[in-house]
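Worksheet: the structure to be examined is printed underneath.
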Amino acid sequence: MQIQESTKACKDTLSRRVAKITFSKGSMKQKSYVRLMNAVFYAHHGVYQAEHQVGARYEVDAELALDFTEAGATDKLAKTVDYEKVYAKIKEALTSKKFYLIEAVAKTIADELLRDFEEIESVRIRVRKRNPPVGGVCDYAEADYTVER
């Protein structure tokens, strides 16, 4: 009799745990991303004075983590991030000031996107500088910066 009661108690406990796990999975928050890939700009960044004068081609990838479940269900722009505005912010950050380092460019862009778009939970920015002055053949140098709220 005691074994049957103990077995029943274990089954009841297990049933409650399974129900709790099932409920938790059903209410999990969705994670989704909006990406702007290979946005190209001409800007004047670099360690050398000639780079500030002549300028160079820069490419930016932006990966924005946010929950756009409601936007996907309603097809409403107001329920997600407006990537036209994100592009404009990236362009402004990249072209309005001269930087020495692409690392500083990437961090500035990421910080400004998190500041100006509260729906973004985290952002990953990659800034590429084509044909960097490294004393040899190199397609590009890249700074990759990720930050979360």
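Tabulated values for the structure
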read-out	value
Model label zone, Arg115; criterion: amide N under 18 Å from point 7 Å along Cα-to-beta-carbon; scope segment 125-148	125, 145-148
Residues of segment 97-141 with amide N under 15 Å of the 7 Å Cα→Cβ point at Glu70	118-121
Qualifying aspartates and glutamates (Cα of each under 20 Å from Cα of Lys76; at least 8 residues distant if same chain)	Asp67, Glu84, Asp116, Glu118, Glu119, Glu121
Note, ³J(HN,Hα) from phi for segment 78-88, Karplus 6.51, -1.76, 1.60, rounded to Hz, x at Gly and Pro	5, 9, 9, 8, 7, 6, 5, 5, 4, 4, 4
FRET E, pair Glu103, Arg35, Förster distance 22 Å, beta-carbon r, rounded to 0.05	0.60
Residues Phe41, Phe99, sorted so that the one with the fewest Cβ neighbours within 10 Å comes first	Phe41, Phe99
Residues Leu77, Leu36, Leu94 arranged by fewest to most Cβ contacts within 10 Å	Leu77, Leu36, Leu94
Order of Ser96, Ser122 under a 10 Å beta carbon neighbour criterion, fewest first	Ser96, Ser122
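No value in this document is a laboratory result; all are computed from the given coordinates. Note that the coordinates shown come from a computational prediction; the quantities given were computed from them, not determined experimentally. Here Cβ is always computed from backbone atoms with ideal geometry, including for glycine, and neighbour counts include all displayed protein chains.
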